[in-house]
Amino acid sequence: MKVTVVYDNEVRSVGLREGHGFSALIEDEGVSPLLFDTGADGPILLHNMKELNIDPRDINAIVISHAHDDHTGGLSGILSINEVGELYLPSSFRRAFPRRKITEVKGPVQIRENIFSTGELEGVEQSLALKTAKGVFVLTGCAHPGLGRILAAAAKFGELYGIAGGFHGFHDFKLFKGLSLIYPCHCTRYKQEIRDLFRDRSLECGVGSVIEL
Ligand SMILES: [Zn+2]
Ligand SMILES: [Zn+2]
């Protein structure tokens with residue numbers, strides 16, 4: 001499985017554009033690509049996809065973590081180009097999308113063979129649990145329900161291996177002890193502290209980061 005960060009507050013290579021928000025593409029053998037969140041701005045998202053050789057028309061499912069603009073703002077841009085993607089929306093994100101298959105997420109749900117939603121936690125946000133040979137990799141939007149809750153929900157799908165996404169103000173760093181790979185992205189307030197504490201397993205996140213799982 002492969003996760004590519006396509007929208008983030010920082011960029012990792014020339015030609016890509018940063019913006020406040022988060023979006024990542026998930027690719028797996030034999031499965032059509034899935035997009036997790038869409039950033040704040042359609043043109044930035046589509047620009048980065050083009051630069052990263054990602055065809056938005058191929059995306060088969062779009063998962064929205066929560067209703068904030070920095071995760072939903074690019075959605076209309078993607079949907080104007082992509083005709084096939086079905087939507088997995090947390091029940092707190094109430095929007096109608098005519099002619100789209102929509103799954104309203106409340107409890108945990110399987111999205112693709114090895115891709116699961118934790119379910120909408122605390123009534124605000126869902127995260128993804130990716131089942132890989134190395135263990136479960138967690139993808140978060142802003143982590144508003146709190147990373148402790150998110151990690152506990154993701155651990156129901158198997159032993160945790162790593163995490164990427166926005167961690168917001170999370171600072172209970174002992175919860176990261178069992179993880180082998182940590183990408184603090186987007187809104188993570190304590191990026192530097194995480195890098196300092198977990199030097200051997202935390203990596204800088206930004207548009208263009210590719211996580212091979
Ligand atoms: Zn955010
Ligand atoms: Zn948010």
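Go through region 50-70 residue by residue and tally those that are farther than 13 Å from Leu34 by Cα and away from ligand 2 (no atom under 16 Å from the Cβ).
So the count comes out to 4.
Quickly run through region 155-194 and pick out the residues that are farther than 18 Å from Pro145 by Cα, out of contact with any Leu (no Cβ under 7 Å at 6 or more places or on another chain) and at pLDDT 95 or above.
Within region 155-194, Phe157, Gly158, Glu159, Ser180, Leu181, Ile182, Lys191, Gln192, Glu193, Ile194 meet the criteria.
Please go through region 58-80 and pick out each residue that is in a helix (DSSP H, G or I), within 16 Å of ligand 1 (Cβ to nearest atom) and of a type outside the set (A, V, I, L, M, F, W, C).
Matches in region 58-80: Asp69, Asp70, His71, Thr72.
All but one of (1) over 25 Å from Ile182 (Cα atoms); (2) β-branched (Val, Ile, Thr); (3) open to solvent by 20 Å² or more (accessible area, probe 1.4 Å) hold for Ile78; which doesn't?
Ile78 satisfies every listed condition except (3).
When you check Lys131 against the structure, is it open to solvent by 10 Å² or more (accessible area, probe 1.4 Å), within 21 Å of Leu35 (Cα to Cα) and either out of contact with any Pro (no Cβ under 8 Å at 6 or more places or on another chain) or free of Cβ contacts under 8 Å to residues at least 60 places away in the same chain (or both), yes or no?
yes
Looking at region 1-30, which of its residues are among the aliphatic types (A, V, I, L, M) and surrounded by 16 or more Cβ atoms within 10 Å (Cβ to Cβ)?
If the condition is that a residue be among the aliphatic types (A, V, I, L, M) and surrounded by 16 or more Cβ atoms within 10 Å (Cβ to Cβ), then Met1, Val3, Val5, Val6, Val11, Leu16, Ala24, Leu25, Ile26 are the ones that fit.
The values are calculated or read from the model by the stated rules, or taken from the named source; none is laboratory data. Because the structure is predicted, anything quoted here is derived from the model rather than measured. Methodologically, a virtual Cβ is constructed for each residue, glycine included, from the backbone with ideal geometry; neighbour enumeration extends over all protein chains shown. Heavy atoms of the whole protein, side chains included, go into the accessibility calculation; ligands, DNA and RNA do not. Shrake-Rupley method; radii C 1.70, N 1.55, O 1.52, S 1.80 Å.
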